[in-house]
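The values are calculated or read from the model by the stated rules, or taken from the named source; none is laboratory data. These figures come from a predicted structure and were not determined experimentally. Cβ: placed from backbone, ideal geometry, glycine included. Neighbour counts: every protein chain shown.
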Amino acid sequence: MTTDQPAARCAHFVLVPLMAQGHTIPIVDMAHFLARHGAHVTFLTTPLNALRIDAIIQRAGASGLAIDFVSLHFPCAEAGLPLGCENIDALPSPSRDYLPNFLRACDMLRAPFTQHLRRHPLPPSCIVSDAAQPWTGEMARDLGVPRLIFHGLGGFTILARQILHQEDVYVRVTDESEILDVPGFPHPLRVPMAKTPGTFWGPKLQHLRLRSMEEEAKADGVVVNTFDDIEAVYVESYQKMIGKRVWTVGPLCLCNRDAAHMTARGNKAAVDENQYLRWLDSMAPTSVIYVSFGSLVTAGVEQIVEIGMALEGAGFPFVWAIKAGDQSAIQVDRWLAESGFEERTRGRGLVIRGWAPQMMILSHPAAGGFLTHCGWNSTLEGICSGLPMATWPHFGDQHLNQKVVVEVLRIGVAVGGGSANWGDENSGTVVRREKIEKAVRELMGGGEEAEGRRERARELGEKAKRAMEEGGSSYQNLSMLIQQFPAEEE
Ligand code: UDP
């Protein structure tokens, strides 16, 4: 952990992620941008989360970036969590049952972290914290510092979420199959209640969602990981609606394009660098489909087998990331070892059992398509790599992200069906191989539609890069953010 004191008085950004990969990774990326542009950054983490990004922490220290990764004891036992549950992805199944305890443990970080900040030689200029860390709003008021909300969601979703909240749907509507019109959205939008982002919390935990929303209403502004070329219309409506400044600062995954950083994002990769890069190098350009469902979607062995058979049947080269921690991990390993799948797909398939270096794979010239659960980070990473996507959302914001990819940007093919609850691998209906194979063939095959998708995806990839280059819209917004919250006068 570094505690280097900054040489000159500069803006001091305090970043507090939710300890979940999809929320932490983009904030780590943002920390690097801010520090490279002269700000001092304090980044809140915990021992096990720090261990996962140890390589990133070491590199930041070695390159002299003023990022303090402050690692505080995460009070699992005190909050009634099993030991080691320092990240949402470590919660036992069904994860939602443990969420209140997890958020209670997060709340308990308030006292030690406030104390740390009070003792810091450089007073904070601004706290940028995850929407799901409402205690940071209270802390900001204690410290007399502005708080900005960081959303791990895109502009389309935060607008729909805000409208649905103001329409009180999570109180009024009890039937999950009810189709909701989202009034005041920039274009007609109809969504089944079950596919709206607020259902992530389930009916029993709505009070936790409300607490976050109440704190959001008190915040001083909002930072969104998106870029104007794809979502300006939604962000503008949202900004009007909440009456506060919204900074579009993405895609944050482009803050760092050097290989070592991209490899180390989020976790230690479960695959040897030489092995997968050599393998990708041996593949024809744009021939490989990358398959991953992010850090939280869990799948039972039956579903895993269907995906495997679809990839085998479709016949395209693939890299398939299968999480190591699923309940059915042993059964999956047995199936991989005994079914002959790996033998039959040898040479054209690479299975990564555990954490995959996703950005490295997606940005490799051999990558030609992405079968994704539509987590917002994965969606942006697919866009940045100029890839068309086969979309298979499961819960939370993923259904709306699919709409962005398929209906707004027209760079996706929907697999269709099969959503499951968060952290409960037995809750979904199994999607059969034929359906998955059809989507993969449509995505990776030839024909006018597929080519059109590819061309649009390529153009969006260029726009994403321009947004984060000097002079680009997100680059400018990040720079303005630093100017907006300068160091406190001595
Ligand atoms: N990720 C990764 N390797 C994996 C799984 C996920 O690098 O094996 C990264 C991915 O690149 C993305 C994040 O983890 O940055 C997942 O965030 P996303 O919003 O896509 O989905 P979530 O995990 O929150 O459902």
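Which helices (runs of 4 or more DSSP H) does the stretch 85-154 wholly contain that include 3 or more residues that are under 21 Å from the mean Cα position of the chain (by Cα)? Walk me through it before giving the result.
Values: elements: 99-107, 110-119, 135-143.
Fully inside the stretch 85-154 and qualifying: 99-107.
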**Study point:** Any chance ALA269 is surrounded by fewer than 22 Cβ atoms within 10 Å (Cβ to Cβ), away from the ligand (no atom under 16 Å from the Cβ) and part of a loop (DSSP other than H, G, I, E, B)
**Key:** no
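Would a scan of the stretch 274-290 turn up a residue that is in contact with an Asp or Glu (Cβ under 9 Å, 6 or more places away or on another chain) and either at negative phi or assigned to a loop (DSSP other than H, G, I, E, B) (or both)?
Going through the stretch 274-290, the residues in contact with an Asp or Glu (Cβ under 9 Å, 6 or more places away or on another chain) turn out to be none.
Among the residues of the stretch 274-290, not one is in contact with an Asp or Glu (Cβ under 9 Å, 6 or more places away or on another chain) and either at negative phi or assigned to a loop (DSSP other than H, G, I, E, B) (or both), which makes the answer no.
Yes/no matrix, rows are residues, columns are (1) at positive phi; (2) aromatic (Phe, Trp, Tyr); (3) at pLDDT 95 or above:
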| site | (1), (2), (3) |
| --- | --- |
| ARG190 | no, no, yes |
| GLY202 | yes, no, no |
| ARG209 | no, no, no |
| VAL224 | no, no, yes |
| ASP229 | no, no, yes |
| ALA232 | no, no, yes |
| ILE242 | no, no, yes |
| ARG245 | no, no, yes |
| ARG257 | no, no, no |
Exercise for review: Could you tell me which numbered condition SER63 fails, if it satisfies all but one of (1) within 22 Å of the chain's Cα centre (by Cα); (2) more than 27 Å from ALA324 (Cα to Cα)?
Suggested key: (1)
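Please give the strands (runs of 3 or more DSSP E) falling wholly within the stretch 171-242 in which 3 or more residues are in contact with a helix residue (DSSP H, G or I) (Cβ under 9 Å, 6 or more places away or on another chain). I'd like the intermediate steps shown before the answer.
Details: elements: 179-181, 190-192, 221-224.
So the answer is 221-224.
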Review point. For the stretch 244-258, does any single residue satisfy the condition of being without any contact (Cβ under 8 Å) to a residue 24 or more places away in the chain, surrounded by fewer than 21 Cβ atoms within 10 Å (Cβ to Cβ) and over 21 Å from GLY152 (Cα atoms)?
Key: yes
Exercise for review: For the stretch 33-42, indicate whether the set of residues that are among the β-branched types (Val, Ile, Thr), assigned by TED's automatic domain parsing to the domain that holds LYS204, within 15 Å of the ligand (Cβ to nearest atom) and within 23 Å of the chain's Cα centre (by Cα) is non-empty.
Suggested key: no
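Is it the case, given these coordinates, that THR42 is under 27 Å from ALA356 (Cα atoms) and polar (S, T, N, Q)?
Working: under 27 Å from ALA356 (Cα atoms): no; polar (S, T, N, Q): yes.
In short, no.
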Practice item. Taking PHE113 as meeting all but one of (1) surrounded by 17 or more Cβ atoms within 10 Å (Cβ to Cβ); (2) closer than 25 Å to THR248 by Cβ; (3) not aliphatic (A, V, I, L, M), write down the number of the exception. Key: (2)
Practice item. Please specify each residue of the stretch 61-108 satisfying the condition of being more than 18 Å from VAL14 (Cα to Cα), hydroxyl-bearing (Ser, Thr, Tyr) and touching a helix residue (DSSP H, G or I) at 6+ places or on another chain (Cβ under 8 Å). Key: SER95
Revision key, fill the gap. The number of residues in the stretch 335-353 that are in contact with a Leu (Cβ under 8 Å, 6 or more places away or on another chain) and away from the ligand (no atom under 16 Å from the Cβ) is 3
Review point. Just wondering, is there one or more residues in the stretch 426-435 that are assigned by TED's automatic domain parsing to the domain that holds PRO285, surrounded by fewer than 19 Cβ atoms within 10 Å (Cβ to Cβ) and of a type in the set (Ser, Thr, Tyr)?
Key: yes
Practice item. Just name the residue that is surrounded by the most Cβ atoms within 10 Å (Cβ to Cβ) out of those in the stretch 357-396 that are closer than 12 Å to ALA321 by Cβ and more than 10 Å from the ligand (Cβ to nearest atom). Key: PHE370
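Hey, does the stretch 48-57 have a residue that's closer than 22 Å to PHE485 by Cβ and either outside the structural domain of PRO251 (by TED's automatic domain parsing) or modelled with pLDDT of 95 or more (or both)? Outline the logic, then answer.
Keep residues of the stretch 48-57 that are closer than 22 Å to PHE485 by Cβ, which gives none.
So far as the stretch 48-57 goes, no, none of its residues is closer than 22 Å to PHE485 by Cβ and either outside the structural domain of PRO251 (by TED's automatic domain parsing) or modelled with pLDDT of 95 or more (or both).
Residues are listed down the side, and each one gets a yes or a no for (1) more than 16 Å from the ligand (Cβ to nearest atom); (2) under 27 Å from the mean Cα position of the chain (by Cα):
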| position | (1), (2) |
| --- | --- |
| ALA284 | yes, no |
| GLY315 | yes, no |
| ASP333 | yes, yes |
| TRP355 | no, yes |
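Take the residues in the stretch 220-243 that are crowded, with 22+ Cβ neighbours inside 10 Å and away from the ligand (no atom under 15 Å from the Cβ); name whichever of them is nearest to LEU478 (Cα to Cα).
Initial filter on the stretch 220-243 (crowded, with 22+ Cβ neighbours inside 10 Å): 222-227, 230-231, 234-235, 238.
Those still in the list that are away from the ligand (no atom under 15 Å from the Cβ) too: 222-223, 227, 230-231, 234-235, 238.
Working: VAL222: 12, VAL223: 9, PHE227: 11, ILE230: 17, GLU231: 17, TYR234: 19, VAL235: 16, TYR238: 19 Å.
Among those residues, the one meeting the criterion is VAL223.
A quick yes/no check of all residues on (1) assigned by TED's automatic domain parsing to the domain that holds VAL222; (2) within 16 Å of the ligand (Cβ to nearest atom); (3) surrounded by fewer than 23 Cβ atoms within 10 Å (Cβ to Cβ):
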residue	(1), (2), (3)
PRO17	yes, yes, no
ALA20	yes, yes, yes
ALA31	yes, yes, no
GLY64	yes, no, yes
GLU78	yes, no, yes
PRO82	yes, no, yes
TYR98	yes, no, yes
Practice item. Please verify whether the stretch 166-176 includes one or more residues that are buried (at least 16 other Cβ atoms within 10 Å of the Cβ) and either in contact (Cβ under 8 Å) with a residue 24 or more places away in the chain or hydroxyl-bearing (Ser, Thr, Tyr) (or both). Key: yes
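Going by the structure shown, is ALA55 free of Cβ contacts under 8 Å to residues at least 24 places away in the same chain, surrounded by fewer than 17 Cβ atoms within 10 Å (Cβ to Cβ) and of a type in the set (A, V, I, L, M, F, W, C)? Before the answer, list the steps.
On the way: free of Cβ contacts under 8 Å to residues at least 24 places away in the same chain: no; surrounded by fewer than 17 Cβ atoms within 10 Å (Cβ to Cβ): yes; of a type in the set (A, V, I, L, M, F, W, C): yes.
No; evaluated as a whole, the condition is false for this residue.
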Check your understanding: Any residue at all in the stretch 289-299 that is away from the ligand (no atom under 16 Å from the Cβ) and hydroxyl-bearing (Ser, Thr, Tyr)?
Key -> no
Practice item. Output the residue which, of all residues in the stretch 317-331 that are surrounded by fewer than 18 Cβ atoms within 10 Å (Cβ to Cβ) and away from the ligand (no atom under 16 Å from the Cβ), is modelled with the lowest pLDDT. Key: GLN327
